1. Antiparallel as a % of all DSSP beta bridges within the chain, to the nearest 5?
2. With the Cα gyration tensor of segment 137-176 in hand, convert its eigenvalues to equivalent ellipsoid semi-axes via √(5λ) and list them largest first in whole Å.
3. Need one word for segment 264-350: rounded, prolate or oblate. Basis is the Cα gyration tensor (sqrt eigenvalues a ≥ b ≥ c); a/c below 1.5 gives rounded, then a/b vs b/c decides.
4. Might you tell me the accessible area per residue for segment 65-134, computed with a 1.4 Å probe and given in Å²?
5. Once you have the Cα-Cα distance between Lys268 and Gln119, take 0.36 nm times their residue separation minus that, and quote the gain in nm to one decimal.
6. Any idea what the relative contact order of the chain is, in percent, if you count C-alpha pairs under 8 Å spaced at least 6 apart?
7. Got a number for carbon plus sulfur as a percent of the chain's accessible area, 1.4 Å probe?
8. Can you give me the pair-distance distribution of the chain, C-alpha pairs, 10 Å bins, whole percents?
Amino acid sequence: MALPATFRKLVCSKLTQHFRDAVSIQTLPMLKPGPQDVLVRNRFTGINASDINKTAGRYNPADKPPFDIGFESVGEVVGVGSEVKHVKVGQGVCFMQNGTFSEYQVLPAKLAIPVPSVQPEHLGLLVSGMTADLSLRECGKIKEGETVLVTAAAGGTGQFAVQYAKQAGCHVIGTCSSDSKAEFLKSLGCDRPINYKTEDLGQVLKKEYPGGVDVVYECVGGDMFHTCLRSLAPRGRLIIIGFVSGYKESQIAAPTIKPNELMGLLAKSTSITGFFLFAFANQWQESFARQAALFAKGAVKVGVDLGKNSEKGAFKGVDGIMDALDYMYSGKSQGKLVVEVNEPLPSPGL
């Protein structure tokens, strides 16, 4: 295919957690891959709550605007370097590489993971799926018969935590913010969805799970964190995946442990563990392969949201990324939130 002379991408041009204020769109000359690189036409890019942490400069003090943003993408290879052997032009690939909020992107060929088809579901198996898979294994150390509580369970990563905990033989509780999300969780096998807008999470846990929960997959922070911490069973493990409720503050609002909670940790020998996906890069390939095999045989579902409940409709193009972030923080998204960066390529001969 003939490539356009230019392409557009979204960059961080100002350090702030207010995403719209932080970003701008640039139009640049078309890229060329180096000998060991590939040029990818991004079809779909994933949206993550932590995108605003990147634009706020919280991950790397060396980030100075302007810099590229976006963590994950799936698309078609449209150019290959002279030394690249494992992928060809026309091949579908997915990858995690900074700068995916772009119509086209050059990346080292070794980072391109071939996929049988270019579909948004493959995005779910990257940041979101790997986070659930690896954190439950490495930090949660979940075992058959345990009770696992997943917060924001109907979100991009929560949906995988629910399924992987069920596959491990656990009883799974999932929090969500609407009845439609509760139904979605039931379709994933969640044993006890809790709509925290209509039920008091702490009271439900105290009444229905008086012995506590063994593992908490915690994404929200704030009051949710404290409720979960108090609800741990003896030797329970709480995994901090994030604290999205505090990301939009000028100074990130991380949960703090209260004195009575600290005594509870001691008395019950419970633990709190943080999980950051990029600290487990040596396990990414294995994790993706494990999940892809499950997805291929229909053993894991990937809920994708392209903006189905958005007043503006489906999110398209780099312009749609800003709307998608607003939508995520409105609490309306369900499943993995995705933006269609480019339209499908025309069929051969058309």
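The values are calculated or read from the model by the stated rules, or taken from the named source; none is laboratory data. No experiment lies behind these values; they were computed from the predicted model shown. Neighbour counts are summed over all protein chains in view; Cβ atoms, including those assigned to glycine, are modelled from backbone coordinates with ideal geometry. Surface accessibility is based on the protein's heavy atoms, side chains included, excluding ligands, DNA and RNA. Shrake-Rupley method; radii C 1.70, N 1.55, O 1.52, S 1.80 Å.
1. Values: 33 of 56 bridges.
Percentage antiparallel, nearest 5: 60.
2. On the way: eigenvalues 52, 21, 13 Å².
Square roots of five times the eigenvalues give 16, 10, 8 Å.
3. Values: a/c = 2.53, a/b = 1.52, b/c = 1.66.
Oblate, because a/c is 1.5 or more while a/b does not exceed b/c.
4. Details: 2290 Å² over 70 residues.
In whole numbers, segment 65-134 has 33 Å² accessible per residue.
5. Details: separation 149, 0.36 × 149 = 53.64 nm, distance 4.53 nm.
Result for the pair: 49.1 nm of gain on full extension.
6. On the way: 767 pairs, mean separation 60.8, N = 350.
Taking the mean separation of contacting Cα pairs over the length of the chain, I get 17 percent.
7. Values: 8240 of 15510 Å².
Answer for the chain: carbon and sulfur cover 53 percent of the accessible area.
8. All Cα pairs, binned at 10 Å, distribute as 5, 25, 33, 23, 10, 3, 0, 0 percent.
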